[in-house]
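The values are calculated or read from the model by the stated rules, or taken from the named source; none is laboratory data. The model shown is predicted, which means the values in this text are computed figures rather than measured ones. Backbone-built Cβ (ideal geometry, glycine too); neighbour counts: all protein chains shown. These area figures cover heavy atoms from the full protein model, side chains too; ligands, DNA and RNA do not enter into them. Shrake-Rupley method; radii C 1.70, N 1.55, O 1.52, S 1.80 Å.
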Amino acid sequence: MSDAPDQQKNQKMWGGRFERDPDASFYEFERSWKFDRRLLPQEFALDRAWAHAIAVAGILSHEEGQQIVAALDELELRARSDAPWLDNSKAEDVHHFVESALIEKLGALGAKLHTGRSRNEMVATEFRMYVKEVARVMRGAIAKLARSFAEQAECNLGIPMPGTTHMQHAQPILLSHWLLAHAEALHRDAERVISAAARADSCPLGSGALAGCAFPIDRKALARDLGFSGITANSLDAVSDRDFALEYLFALAALSMHLSRLAEDMILFASPEFSFIQLPDEYSTGSSLMPQKKNPDAWELIRGKTGRIYGALLAVLVACKGLPSSYQRDLQEDKEALFSAHDQALAATQIAAAALAATQFREDRLREAAQDPALVATEVADYLVTFGVPFREAHEIVGKVLRAAEQDGKSIREMPLERLKEFSSVFDRNLGTVLTVEAAIARRAVAGGTAPGAVRAALVNFKSRLAKLEENP
């Protein structure tokens, strides 16, 4: 067995029971410092709070507690400015890094800080602190994207477009209605992120390795010092619970799904067959071969990154699924997945917000596409219903009319009244008043519908809810 790096000899947090150091290759395999160093801000905050707590409990003198906190402050300042110090460290994990540096600085006093606590509770606490912080950042990014939708909806009020189901023309809607549909999904995403942060808002510190702390630690005071609203109820559950991480990952997965659906719409809208939007140069690329190309790469990458975020959620679910009670080392696998998913989702959300804000919607093409006569077929059925025709019968009649129109090479708007009466005697000359796009849209005036008044009311309501979302937590 080869030795672990010299820097770590006799400095590990657990080595007294062992005669030989870990094999060097195994040490590298089990080290998490290369990714959990991201938790350094949380580590320093936790260490300061713990130093204060064990001083209050009489484990440290007041002066010793002050010395440790001052040393931690100095180490944190160095960590912010001395990247090579972090990059070259052979620490096992973030806890080992700080403890080794503290002992190097303070000697035996530095070794007192770990009294009564376990890395199991430390990582659980710091991970919760991290999720709470990044959820706040993600909430802001989602709100900014939602704001882009609201602004586009306000700028494009009154522009009709074809609404589709099954990618087939269905009924006319307003572009602003389509924009607010995506905005509503984002609002739910923000609520899920907020919920995940709330789930993380209980402090495990004081749980020990699994059985609780043997010293008279004030857990509620620790929780307050670290910004938690309360403490976890059971020490065994606290060190192994990763529900908060899974909920945050699910929130990111749902967000990425909505971003991917948006991306698909935008990619289709940018195609020559649709030409509903003008892609912004700043968020598009060209072809190395074909000079005419303008590719929607921003949206394609957003769509493509969804799989990575789904993978992170699945990875943590699978890591947790077969674990027995209490902390297991498998849980080390949760952080890299969540860190990566957060980074990818945040970047995708920010790019989507910027790309959407810079996108121009082509009113001429949208209005032209909305004139498809097939979009008002439902209006004809509803028209028959107003004359007492049962809807199922009206539906059948209109289907036959449309088939005849296709055979005659005409649109339903062009069919003579005499021809229409072959299918139903109730057809009258006022039919033309219901066959316009404007009339079809105006009739959907229920709350949440696509009529202009309903959309304006929805926009006012959404902006009000968005303002609350944008408030500081």
Output the 0 to 90 degree angle, nearest 10, between the alpha-carbon long axis of helix 243-270 and the longest principal axis computed from the alpha carbons of the chain.
40 degrees
Computed over the chain: relative contact order in percent, which uses C-alpha pairs under 8 Å that are six or more apart
16 percent
Normalized C-alpha radius of gyration of the range 215-274, against 2.2 N^0.38 Å?
2.06
What shape does the range 134-206 take by its C-alpha gyration tensor, where a ≥ b ≥ c are the square roots of the eigenvalues and a/c under 1.5 counts as rounded, a/b above b/c as prolate, and the rest as oblate?
prolate
Euclidean distance between Cα centres, the range 200-273 to the range 49-64, Å:
29 Å
The alpha-carbon pair-distance distribution computed for the range 403-445, with 5 angstrom bins and whole-percent values, is 5, 20, 26, 22, 17, 8, 1
Express the carbon and sulfur contribution to the solvent-accessible surface of the chain as a percent, rounded to the nearest whole number, probe 1.4 angstrom.
52 percent
Classify the chain as rounded, prolate or oblate, taking a ≥ b ≥ c as the square roots of the eigenvalues of its Cα gyration tensor: rounded when a/c is under 1.5, otherwise prolate if a/b is larger than b/c and oblate if not.
prolate
Could you give me the ³J(HN,Hα) list for the range 296-306, computed from phi with Karplus coefficients 6.51, -1.76, 1.60 and θ = phi - 60°, whole Hz, x at Gly and Pro?
x, 4, 4, 6, 5, 5, 4, 4, x, 6, 4
Phi-based couplings in Hz for the range 434-441 (Karplus 6.51, -1.76, 1.60; Gly and Pro marked x)
9, 9, 8, 4, 4, 5, 4, 5
Size of the range 357-473 along its principal axes in angstrom, Cα-based, largest extent first?
64, 32, 20
Probe 1.4 Å, heavy atoms of protein chains only: per residue, the accessible area of the chain in Å² is 48 Å²
Looking only at lysines whose Cα falls under 26 Å of residue 400's and that sit 8 or more positions away or on another chain, we get 410, 421
The range 120-166 and the range 298-317: distance between their alpha carbon centers, rounded to Å
16 Å
Give the Debye-formula value of log10 I(q)/I(0) at each listed q (0.14, 0.20, 0.21 Å⁻¹), with one equal scatterer per alpha carbon of the range 1-145, two decimals each.
-0.73, -1.30, -1.38
Given the Cα-Cα distance of residue 328 and residue 237 and 0.36 nm per residue of separation, how much length would full extension add, in nm?
31.6 nm
Let me know the number of lysine pairs in the range 1-151 closer than 23 Å at the Cα, not counting same-chain pairs under 8 apart.
14
In the chain, once you exclude exposed GluC sites (Glu not before Pro) (DSSP loop, at most 10 other Cβ within 10 angstrom), what's the longest stretch remaining?
20-272
The range 309-314 - phi-based ³J(HN,Hα) in whole Hz, Karplus 6.51/-1.76/1.60, Gly and Pro as x
6, 4, x, 5, 4, 5
Taking the dipole of the chain about the Cα centre (Lys, Arg +1; Asp, Glu -1; charges at Cβ), the one of 401, 108, 176 that reaches farthest to the positive side is 401
Taking H as built 1.01 Å from N, whose amide H comes closer than 5 Å to the amide H of residue 163, not counting residues under 5 places away?
170, 171, 173
Taking the Cβ-Cβ separation of residue 293 and residue 463 as r and a Förster radius of 25 Å, what is the calculated FRET efficiency to the nearest 0.05?
0.10
In nm, to one decimal, how far is the residue 314 label point from the residue 188 one, both placed 7 Å along Cα→Cβ?
2.2 nm
When the distances between all Cα atoms of the range 421-473 are binned every 10 Å from zero, what whole-number percent does each bin get?
21, 28, 22, 15, 8, 5, 1
